[in-house]
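These notes concern the structure reproduced below.
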Amino acid sequence: MTDSLKNGQFAPGWYGEAMGDGYVARRFGGLSDYQLLNGCLPEVQARDEGELWLLCDAQTRLAERVALAESVRRRP
């Protein structure tokens with residue numbers, strides 16, 4: 001396992017580990033039902049760490065944007 005995954009902390013907000021012939025990362029925190037309904041994932045899988053980091057980053061950004069949409073939706 002490479003240095004960035006030795007302690008489990010991978011990308012900000014994600015826990016990563018080697019799995020079979022690739023890697024998996026899971027979120028530390030949960031997602032709202034609205035985020036899950038709109039494409040945010042609690043787990044991502046990749047073949048290498050670079051791909052995994054990009055997927056984690058993309059999912060983090062998506063979750064932030066969807067949370068913003070959720071907050072706008074709730075306004076009267």
Calc'd 3J(HN,Hα), the stretch 15-23, phi into Karplus 6.51 cos²θ - 1.76 cosθ + 1.60 (θ = phi - 60°), Hz, glycine/Pro = x, comes to 10, x, 7, 6, 8, x, 9, x, 9
Suppose all protein chains stay in the model; what accessible area per residue would a 1.4 Å probe give for the chain, in Å²?
67
At most 14 other Cβ within 10 Å, DSSP loop - trypsin sites (Lys or Arg not before Pro), the stretch 23-76:
47, 74
Correct choice for semi-axes √(5λ) of the Cα gyration tensor in Å that was computed from the model, options (i) 23, 17, 9; (ii) 16, 14, 12; (iii) 27, 10, 9
(iii)
In the chain, carbon and sulfur make up what percent of the accessible area (probe 1.4 Å)?
54
Based on the Cβ-Cβ distance of residue 65 and residue 18, what FRET efficiency does E = 1/(1 + (r/R0)^6) give at R0 = 35 Å, to the nearest 0.05?
0.75
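From the helices alone, meaning DSSP H stretches of at least four residues, give me the mean residue ellipticity at 222 nm for the chain, per-run term -39500 (n - 2.57), in deg cm²/dmol to the nearest 500.
Counting only the DSSP helices, I get -13000 deg cm²/dmol.
The values are calculated or read from the model by the stated rules, or taken from the named source; none is laboratory data. Quantities reported herein were computed from a predicted structural model and do not represent experimental measurements. FYI the Cβ positions are ideal-geometry reconstructions off the backbone, even for glycines, and counts take in every protein chain you see. For accessibility, only protein heavy atoms count, side chains too; no ligands or nucleic acids. Shrake-Rupley method; radii C 1.70, N 1.55, O 1.52, S 1.80 Å.
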